[in-house]
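What follows draws every value from the coordinates through simple rules; no lab data is involved. As the structure is a computational prediction, the values presented were derived from the model and not from experiment. All Cβ positions, glycine included, derive from the backbone under ideal geometry; neighbour counts span all protein chains shown.
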């Protein structure tokens, strides 16, 4: 080596040894002089050595009042690709497409993404059950053993395909009480029912922590409490029996849909809330198939409809309470009455002659009830309806409750004729739960309890009972008892299909024509029945609604037998003795 | 002057001895460094192993929590109303027609209460003294208490 060359090399080495420290010093000064840059670099280092991790608590479970699990959690997997490890995106796309049903083009596009500092992982599919993952594991192992080694860039490879476990929602009872529970979607958000109403409570609070990769700095992860558990007032057995009853009724009557509400009038606790259609909540992605356009998820709380003659119970309650009539008041029914320019006739267009109030209710006379409403007067009539909660949400603890519509004097679309039509449930819209809650005041000595589905919340080791609330006291206890007896007698005189051997019940049928844009021109009806019992100590109130029944338009023909069938099931499940045995038992010391 | 040089020569160490001391010192330093490094490595390795154990246990906790949820859900599925009905039917049970059901009063039967999953939110206050005062009081407090007891006894006897 020539001396000149050696000298040049030494010079270069010297320069490098000089420049590097200068650069380091320059960088040190730059970082010290710029706090933002310093923080940015500190964060960058922190991200690499202490990557952040979100601790997601298990979603709270939902139990019925006997402790049966209605909504729980189970391990599911998310499948994705670590982009920098991917060797053959086509193999990955083919595999997940064949095994997990992921769209091939979508999977190929995701797996072909270029890895970068902002894009390291691509999700392919979530909520994959463990059974599917087992199949995937086998394929991955087979591929590894068949195609490992070699330098062929195009050989099949599943490198980069990864799966991570996490908890997902499961509903062990599948369709049971689905309209009450709602569901959790793939993103973990609650939709409808309890899952939506109590979403934040059930989900709990996730926490983001930094976990050092260095084992020397390993530390205990902070404890994150699970989401709160809910205990419902719903009894699984009662709910199942009521769902079977309403399903049979819908099938036998050829109705479009059916709804059945069972509540305890003394407490407002909802024992069952059965509607059609219902879906298997474990397959929430089929929502659009089960609930096509405009189909409510839970008719009992969402869909307001003109209830028809069951509304007469509220009209008669207000008239008796305000003193406008007594049960003995006689009305001579001429078959027609004109109120505010509207001509009201009876359901059979007939004149029923002299009728006391029991006769009016027994024969469900529109003319008589329209007259009763005029005797009450609009001011008192609508005050009572407001106190019964008509036109307002009942406050049931489920998402998506509808408020219905009550037009009142002073509203631009209220006319004097509404007073008469509202008296028999026309021109007013209410949801089944609103009707059930309003009429529960008559069954419960004039006290209207707030409907509730959640009985208790279990959070951080303690069970918090939810207090029962009085919504209002719309009428006197004496009036409520009087009306209950009147309605029980009406059913008995009518030999209604709602009567049950051994149990005295009160109730009222309802048949409402369905309005069209041209008025009440359709032959289709909404058939309803509301009833409660045992008369001297009501333990249940049942509201039945069949939408557009095919075999008969009348509530007395299609809805009353559903009430009887429901009560026959209910008294067994609630251990309710027949009236004579109950009296005998209660008289024993 | 010569005397001093002679004395220094007589008492100075041989060169080989000086070399040996230097080597020994060097070796001692090396051994010490090796010892410290060995201790450090040992402790560091054990701390790392414990750290890895902690990380593994944290992963286990997560896995076990998932397994608990899985088992609860699986149990619920096995005991679901549709499964129970199917099992009852397979065992030959049939549903009793409602008109054949007779109410039977059983003395002493208590209706099943609603489920209690956890203690109610009203916290229980433990009123019982967990430990006798001898274990918690100081010697002066003990003396004062004993004196008060004797005083009470004496005054009661005088009455």
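Listed values, structure above:
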quantity	calculated
Within 10 Å of each Cβ in A:216-225, the average number of Cβ atoms from other chains	3
Antiparallel bridge percentage (DSSP; both residues within chain A; nearest 5)	95 percent
Computed FRET value (nearest 0.05) for residue A:213 with residue B:37, which takes r as the C-beta separation and R₀ as 22 Å	0.35
Peptide B:102-109 - average C-beta neighbours from other chains (10 Å radius)	3
Debye log10 I(q)/I(0) at q = 0.09, 0.10, 0.16 Å⁻¹ for chain B, Cα point scatterers	-0.89, -0.93, -1.20
Projected-area mean, region A:1-117, by convex hull of Cα positions, square nanometres	16.7 nm²
Label-to-label distance, nm, for residues given as residue B:20 and residue A:53 (7 Å Cα→Cβ offset)	6.0 nm
Whether region B:1-62 is rounded, prolate or oblate, judged on the alpha carbon gyration tensor where a/c under 1.5 counts as rounded	prolate
222 nm mean residue ellipticity, helices alone, for chain B (DSSP H n ≥ 4; -39,500 (n - 2.57); rounded to 500)	-23500 deg cm²/dmol
Cβ-based exposure ranking for A:493, A:499, in which fewest neighbours within 10 Å come first	A:493, A:499
For region A:174-250, projected area of the alpha-carbon convex hull averaged over all directions, nm²	7.7 nm²
Neighbouring partner chain Cβ atoms per residue of B:82-90, average, 10 Å criterion	1
Rh (Kirkwood; distinct C-alpha pairs) - region A:55-230, Å	18.7 Å
Cα gyration tensor of region B:16-96 - equivalent ellipsoid semi-axes, whole Å, descending	74, 9, 4
Equivalent ellipsoid dimensions for region A:266-418 as semi-axes, Å, which come from the Cα gyration tensor, largest first	36, 17, 17
Relative intensity, log₁₀ I(q)/I(0), of region A:224-350 from a Debye sum that treats every alpha carbon as a point, q = 0.12 Å⁻¹	-0.76
Sorted peptide list for A:44-50, B:96-102, A:135-141, criterion being average Cβ within 10 angstrom, highest first	A:135-141, A:44-50, B:96-102
Helix-derived mean residue ellipticity, 222 nm - over chain A, DSSP H n ≥ 4, -39500 (n - 2.57), to 500	-11500 deg cm²/dmol
Packing rank of B:67-76, A:292-301, where each peptide gets the mean count of other beta carbons within 10 Å, highest leading	A:292-301, B:67-76
Burial ranking of peptide ranges A:533-543, A:263-273, A:391-401 (average Cβ count within 10 Å, highest at the top)	A:263-273, A:533-543, A:391-401
The protein assembly as shown: radius of gyration and largest Cα-Cα distance (Dmax), Å	40.2, 161
